[in-house]
1. I'd like the full set of residues that are surrounded by 15 or more Cβ atoms within 10 Å (Cβ to Cβ), aliphatic (A, V, I, L, M) and in a strand (DSSP E or B), limited to the stretch 64-81.
2. List the residue pairs whose Cβ atoms are under 9 Å apart, where the first residue sits in the stretch 67-87 and is closer than 14 Å to Lys56 by Cβ and of a type in the set (Phe, Trp, Tyr), the second is surrounded by 11 or more Cβ atoms within 10 Å (Cβ to Cβ) and modelled with pLDDT under 90, and the two are 6 or more positions apart or on different chains.
3. Select, from Val29, Val35, the only residue that is of a type in the set (Val, Ile, Thr), assigned to a strand (DSSP E or B) and surrounded by 14 or more Cβ atoms within 10 Å (Cβ to Cβ).
4. Inside the stretch 44-57, can you point out the residues that are over 16 Å from Asp25 (Cβ atoms) and outside any strand (DSSP E or B)?
5. Filter the stretch 57-85 down to the residues that are within 11 Å of Thr9 (Cβ to Cβ) and touching a Gly at 6+ places or on another chain (Cβ under 8 Å) and list them by number.
6. Yes or no: Gly15 within 11 Å of the chain's Cα centre (by Cα), surrounded by fewer than 17 Cβ atoms within 10 Å (Cβ to Cβ), at positive phi and not in a strand (DSSP E or B)?
7. Return a yes/no flag: does the stretch 24-34 have any residue that is at pLDDT below 95 and touching a Leu at 6+ places or on another chain (Cβ under 6 Å).
8. Confirm whether Thr60 is assigned to a loop (DSSP other than H, G, I, E, B) and of a type in the set (Ser, Thr, Tyr).
Amino acid sequence: MNLRAKYITKHELIGLECEIVAATDPTLVGLRGVVVDETRNMLTLEIEGKRKKVAKAIATFRFRVGNRLVEVEGKTLVARPEDRIKR
């Protein structure tokens, strides 16, 4: 994958492995899966064959980019995916 970790907020997140490392809802912390969909305010993770929607603004995510792990504050991701590249 040619995705650089420092530019993750400007790239496609669908297909990346993701873990929730912090959230205002403690039941979300520790969830791991693959990002299968993204909207302005939500990431949809596929976890063990089931889909779970997580609000971007309330969580901190850890993405696997190649062999690196990158943590991203969800508030920085709040935007339509196509609009994030403009920031």
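1. Val65, Val70, Val72
2. none
3. Being of a type in the set (Val, Ile, Thr), assigned to a strand (DSSP E or B) and surrounded by 14 or more Cβ atoms within 10 Å (Cβ to Cβ) holds for just one of Val29, Val35, which is Val35.
4. Result: Glu48, Gly49.
5. Taking the stretch 57-85 as the starting set, the residues that turn out to be within 11 Å of Thr9 (Cβ to Cβ) are 61, 63, 70, 72-79, 81, 84-85.
Of everything in the stretch 57-85, just one residue is within 11 Å of Thr9 (Cβ to Cβ) and touching a Gly at 6+ places or on another chain (Cβ under 8 Å), namely Phe61.
6. Numbers: within 11 Å of the chain's Cα centre (by Cα): yes; surrounded by fewer than 17 Cβ atoms within 10 Å (Cβ to Cβ): yes; at positive phi: yes; not in a strand (DSSP E or B): yes.
It is true that Gly15 is within 11 Å of the chain's Cα centre (by Cα), surrounded by fewer than 17 Cβ atoms within 10 Å (Cβ to Cβ), at positive phi and not in a strand (DSSP E or B).
7. no
8. On the way: assigned to a loop (DSSP other than H, G, I, E, B): no; of a type in the set (Ser, Thr, Tyr): yes.
No; evaluated as a whole, the condition is false for this residue.
The values are calculated or read from the model by the stated rules, or taken from the named source; none is laboratory data. None of these values were measured; they are calculated from a predicted model. Ideal geometry is used to build each Cβ from the backbone, glycine not excepted, and the neighbour counts take in all protein chains shown.
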